[in-house]
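Scroll down for the structure; my scribbles are underneath it.
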Amino acid sequence: MKLSFSQADEKFREEVAQWLNDNLVEEFAQLKFRGGPGDEHMFPDERKKWEAKLAQGGWIGIAWPKEYGGRGCSIEQQVIFNEEYARAGAPGRVGHIGEGLTGPTLIAFGSEAQKQRYLPGIISGNDLWCQGYSEPGAGSDLSNVRTKAVFDESMGKWLITGQKVWTSLAHESDYIFVIARTDPGSKGHKGLGFFLLNMDQPGIEVRGIKQLTGASEFNEVFFDNAECDEQDIVGKPGEGWSVAMGLLGFERGASTLGQQMQFQNELNELIVAAKNNGTHKDPMIRQRIANAHIGLKIMRYNSLRMLSGNGDDGSLQKEALIYKLFWATWHRDLGELAMDVIGPEAEILSATPYELTRMQALYLFVRSDTIYGGTNEIQRNIIAERGLGMPKDIRPTL
């Protein structure tokens, strides 16, 4: 575990910080600290323009190999970029699924034709991606997917039929990667395929899901014989599970340090609120703020330990198994602390019909943290079974 950075790394940090300071101005100044969890619906068009700005500066895909348009940055430099990005208050990324998930997955598992076709659009900031994993009845238990893929030889295409749910930013995306069952008689992890689909086609319908916060960042996506070119299955039919798991490994990459800086920004805002209204004098509130600070430091050190063992195929060390459970629980508790800091005013809307303060939106959104991406219960099963080698939980026959 490396906890320090070289002089060259610190020079890189200065370069990143300076670029952000120079460019988060004028039309982009309004984006500072916007577009994060619970706020993704804000300034979508402006944040798309910001993606193009990042591309111009060479800040998209910095971890990618240079032959695919990236910078080939070290893990230390990736950590630095994500930390400085969050520290500067740069906006939530609308292109993070493409850059952080689709791109690394194609580099690791995709054909050369797939890399040449899809990577340039991501690195340029033009093409946005979303993730077609969860389904009704197949959320935390992803292996229970029922969306099916049938190959039509006369068309030379895969036809995808089924439904995905909780699809973040599907209404803004150009492409989607989809896990679907290629073998209708298969069960569990077997018989799955990993497909790349264009969202702009008659066979795909996107329906927004209105959340408790009043926003609609998540969507349902319906597929009715949606077409996928023959060459746009990643790997072979039946190999979709291994590709999907590799992708989830990339999800626990260097961007986790950026996520923690966003958490730090929220904690800082909470502390300011506590000082302004005097609740910082309450010993119980002070202790809870101290515990939040300690938890965030533990999160950082475990992430550095976790990142030191990442593989190019998305494989992770066992330390990564605890990450989702830890941050989701910590973030949920932070939302509850925010409401207690604000006090009775937390129950009052600032305006009608449903105008929330940032702290109120935080509280409502973090209720979902312990559910999406695998519930806390599922995370504990994963830690027990894969990390500690304990007997597997009893599961019903599929």
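The values are calculated or read from the model by the stated rules, or taken from the named source; none is laboratory data. Being a predicted model, the structure only gives us computed values, none of them experimental. Quick reminder, even Gly has a Cβ in these numbers, built from the backbone with ideal geometry, and neighbours come from all protein chains shown.
Evaluating residue 163 against the criteria (1) among the polar types (S, T, N, Q); (2) modelled with pLDDT of 90 or more; (3) under 17 Å from the mean Cα position of the chain (by Cα) leaves one unmet condition, (3). Looking at the range 65-89, which of its residues are in a helix (DSSP H, G or I) and of a type in the set (A, V, I, L, M)? Selection gives 75, 79, 80, 86.
Residue count for the range 187-228 under the criterion of being among the small types (Gly, Ala, Ser) and under 16 Å from residue 174 (Cβ atoms): the result is 2. Of all residues in the range 272-295, those satisfying the criterion of being crowded, with 18+ Cβ neighbours inside 10 Å and closer than 30 Å to residue 249 by Cβ are 292, 295. Looking at the range 28-40, is at least one residue of a type in the set (Lys, Arg) and under 19 Å from residue 217 (Cβ atoms)? Yes, the range 28-40 has at least one match. Given the condition more than 28 Å from residue 376 (Cα to Cα), in contact (Cβ under 8 Å) with a residue 12 or more places away in the chain, of a type outside the set (Asp, Glu) and touching a Leu at 6+ places or on another chain (Cβ under 6 Å), answer yes or no: does some residue in the range 155-174 qualify? So far as the range 155-174 goes, yes, one or more of its residues are more than 28 Å from residue 376 (Cα to Cα), in contact (Cβ under 8 Å) with a residue 12 or more places away in the chain, of a type outside the set (Asp, Glu) and touching a Leu at 6+ places or on another chain (Cβ under 6 Å). Annotation: of all residues in the range 54-64 being surrounded by fewer than 20 Cβ atoms within 10 Å (Cβ to Cβ) and outside any loop (DSSP other than H, G, I, E, B), the one that is farthest from the chain's Cα centre (by Cα) is 56. The listed residues are 99, 51, and the only one of them that is of a type in the set (D, E, K, R), more than 24 Å from residue 373 (Cα to Cα), touching a Gly at 6+ places or on another chain (Cβ under 9 Å) and surrounded by 18 or more Cβ atoms within 10 Å (Cβ to Cβ) turns out to be 51.
In this structure, does residue 114 turn out to be of a type outside the set (Lys, Arg), within 30 Å of residue 186 (Cβ to Cβ) and over 20 Å from the mean Cα position of the chain (by Cα)?
Answer is yes for this residue.
So in the range 132-163, with the set limited to residues that are of a type in the set (Ser, Thr, Tyr) and either part of a loop (DSSP other than H, G, I, E, B) or in the same structural domain as residue 374 (by TED's automatic domain parsing) (or both), which one is nearest to residue 182 (Cα to Cα)? Explain how you work it out, then say what you get.
Restricting attention to the range 132-163, the residues satisfying the condition of being of a type in the set (Ser, Thr, Tyr) are 133-134, 140, 143, 147, 154, 161.
Applying the additional criterion that residues be either part of a loop (DSSP other than H, G, I, E, B) or in the same structural domain as residue 374 (by TED's automatic domain parsing) (or both) yields 133-134, 140, 147, 154.
Working: 133: 15, 134: 17, 140: 21, 147: 9, 154: 17 Å.
The residue in question is 147.
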